[in-house]
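Below: one structure, written as structure tokens.
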Ligand SMILES: *Cc1c(COP(=O)(O)O)cnc(C)c1O
């Protein structure tokens, strides 16, 4: 459930009319709902009730400082994958002992930054990274808490570009080699082995792959304990999917997920960490755009809108589906017609939907892309020299711009002309 509903024939974000925000900031823009963000965070937090746990929001999904601060105040930890994300988490007031550092290519300077600033744990992904971390920690007179990310070789049954838990993916170490790698880690004085990490992919709509992976983690926990390692924390990654297409069967809820975690791992008495990103931010955001032209083509009509692939790349990158709804509520049972919804960018890939049934729309009408709060603004670019679009946060009857649209001068002046020109 989210907080984007029609009221008296017009789309609202909580208690604010979308048209009011559009008039204030111009289109296109992203708008996020505080109540939805908090609701989703709480759903995960409650789902793990009864187990010692921390929900670490995977901030790569949406790392606006206002979003981070909203979640941090509710008690979220953060999962970060770069120095920039680490510093964003710190700037939002998240203490180091609630930040976990994931990622397959942490650089020496990123490792140093996190060791000096404080970190809950590094999720280590390879032996060379382990050696690097050990050396840096020793040189700083510190001991780095680590889990090792294992690759359980399960098929997450999701889009190939966001599956991470098969042996051919670049992530983690093969689970079959885990005992050797843990032995090596335990011999390094700069490291303290505290647990196991696993993350098998994103937008999973079935619990079975998670359960398979977690069963393997449970077996590994017992083996590693037999080997003398004090395994006391299990980081289970993120990946639970959201219903992008309202007509499809709904993916499992956080409560189902939580019950499955209790069932497969509860007996081990470990602290549980999870790293949801999409499920917290995805349905908490819309991208709102205006129709520029309706163009009649050969046997099809194009809805040309002012938002484009540089603003929301998911359809072009993952063939992703987004519900696109008019901001003025169409009459129930009203007539619909098929449109190809496209942006102005000079690429055929700049197509959001083909032959999508929608009520008749005209130039100047506003449309909203649902489920655009995750992997939307964070993946945007200035391709075609289109300015990054603003982000707005709604809280009850208030709204605030939380990232401004840059001016064209700001955009152009970021480039530097060498002195010989
Ligand atoms: C991307 C990622 C997540 C979040 O995935 P979602 O599908 O957004 O929940 C969590 N952990 C790691 C290691 C990731 O790479």
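One residue is enough: does segment 222-231 have a residue meeting the conditions at pLDDT 95 or above, touching a strand residue (DSSP E or B) at 6+ places or on another chain (Cβ under 8 Å) and within 15 Å of the ligand (Cβ to nearest atom)? No, segment 222-231 has no match at all.
Could you tell me whether any residue of segment 200-218 is in a loop (DSSP other than H, G, I, E, B), at positive phi and touching a helix residue (DSSP H, G or I) at 6+ places or on another chain (Cβ under 7 Å)? Yes, segment 200-218 contains at least one residue that is in a loop (DSSP other than H, G, I, E, B), at positive phi and touching a helix residue (DSSP H, G or I) at 6+ places or on another chain (Cβ under 7 Å). Are any of the residues in segment 163-173 away from the ligand (no atom under 16 Å from the Cβ), assigned by TED's automatic domain parsing to the domain that holds residue 58 and either at negative phi or outside any helix (DSSP H, G or I) (or both)? The answer is yes; a qualifying residue exists.
Condition check ((1) in a strand (DSSP E or B); (2) outside the structural domain of residue 233 (by TED's automatic domain parsing); (3) touching a residue at least 24 places away in the same chain (Cβ under 8 Å)) across all residues:
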site	(1), (2), (3)
11	yes, yes, yes
41	no, no, yes
44	no, no, yes
57	yes, no, yes
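Is there any pair linking a residue in segment 169-197 that is without any contact (Cβ under 8 Å) to a residue 40 or more places away in the chain to one that is within 16 Å of the ligand (Cβ to nearest atom), with Cβ under 7 Å and at least six apart or on different chains, and which? Close Cβ pairs satisfying both conditions: 169/151; 169/163; 174/151.
For residue 301, the test of being farther than 24 Å from residue 75 by Cβ, in contact with a strand residue (DSSP E or B) (Cβ under 7 Å, 6 or more places away or on another chain), at pLDDT 95 or above and away from the ligand (no atom under 16 Å from the Cβ) is passed. When segment 235-264 is limited to residues that are in contact (Cβ under 8 Å) with a residue 60 or more places away in the chain and more than 16 Å from the ligand (Cβ to nearest atom), the one that is farthest from residue 204 (Cα to Cα) turns out to be 262.
Out of all the residues in segment 64-83, which are within 15 Å of the ligand (Cβ to nearest atom) and either not assigned by TED's automatic domain parsing to the domain that holds residue 147 or not in a loop (DSSP other than H, G, I, E, B) (or both)? The answer is 67, 68, 71, 77, 78, 79, 80.
Tell me whether segment 268-275 contains one or more residues that are touching a helix residue (DSSP H, G or I) at 6+ places or on another chain (Cβ under 6 Å), away from the ligand (no atom under 16 Å from the Cβ) and more than 30 Å from residue 362 (Cα to Cα). Yes, because at least one residue in segment 268-275 is touching a helix residue (DSSP H, G or I) at 6+ places or on another chain (Cβ under 6 Å), away from the ligand (no atom under 16 Å from the Cβ) and more than 30 Å from residue 362 (Cα to Cα).
The values are calculated or read from the model by the stated rules, or taken from the named source; none is laboratory data. Just so you know, these numbers come straight off a predicted model, no measurement behind them. No Cβ is skipped: glycine too gets one built from the backbone with ideal geometry, and neighbour counts run over all protein chains shown.
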